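Here is the structure we will look at, set down as structure tokens.
The values are calculated or read from the model by the stated rules, or taken from the named source; none is laboratory data. What you see is a predicted model, and the numbers here were worked out from it, not measured in a lab. Here the Cβ positions follow ideal geometry from the backbone for every residue, glycine too, while neighbour counts run over all protein chains shown. We work out accessible area using only protein heavy atoms, side chains counted, and drop any ligands, DNA or RNA first. Shrake-Rupley method; radii C 1.70, N 1.55, O 1.52, S 1.80 Å.
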Amino acid sequence: MDIMDVLVGAELMLLGFISLLLTVFQGSIIKICVKESVTHPLLPCDFSPEESFNGGESSSNTTDITSHNRRLLAEEFQGKGYCAAKNKVPLLSVEALHHLHIFIFVLAIVHVTFSVLTVVFGGAKIRQWKHWEDSVAKDNYDTEQGEI
């Protein structure tokens, strides 16, 4: 299991380093501005700002729902204002970076879990082979003793 500790540690260090880099360079990443037409193909579904997503509820309700105050990585940074002054939009918003951090965390957990399961199942299979090899070796030894 010693090699497993090294591999898991290295994997977690790498993902932690990527997460740290995202946090450190978050301000620079948010300042990357692109035309709004560039971001539309990146969306998973069609987006129309004219359509209300609340199905006819009042706009004050929508504002309350969408303006919840979660603590994100850089909640004070106004990347939209920086890009809006250039008549563009940010390539990645603070919320998108937050979701990327969550994805990295989940990816790390899944990777470590599957690595541990692979080692456990591999060890179990090797033990099965070892029992089989021992029984075959014993049978060969018994037949050799009987021939002498």
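A few comments on the model shown:
- Residues that are under 17 Å from Glu11 (Cβ atoms), surrounded by 12 or more Cβ atoms within 10 Å (Cβ to Cβ) and hydrophobic (A, V, I, L, M, F, W, C) within segment 83-108 comprise Ile104, Phe105, Leu107, Ala108, listed in sequence order.
- Of residues in segment 16-37 being in a helix (DSSP H, G or I), of a type in the set (A, V, I, L, M) and touching a residue at least 40 places away in the same chain (Cβ under 8 Å), the one surrounded by the most Cβ atoms within 10 Å (Cβ to Cβ): Ile30
- Answer from Asn54, Asn69 - the residue that is modelled with pLDDT under 85, out of contact with any Phe, Trp or Tyr (no Cβ under 6 Å at 6 or more places or on another chain) and either in a helix (DSSP H, G or I) or within 29 Å of Leu20 (Cβ to Cβ) (or both): Asn69
- Contacts under 9 angstrom Cβ, first residue in segment 95-120 being closer than 21 Å to Gly27 by Cβ, partner open to solvent by 80 Å² or more (accessible area, probe 1.4 Å), 6 or more apart: Glu95/Arg70; His98/Arg70
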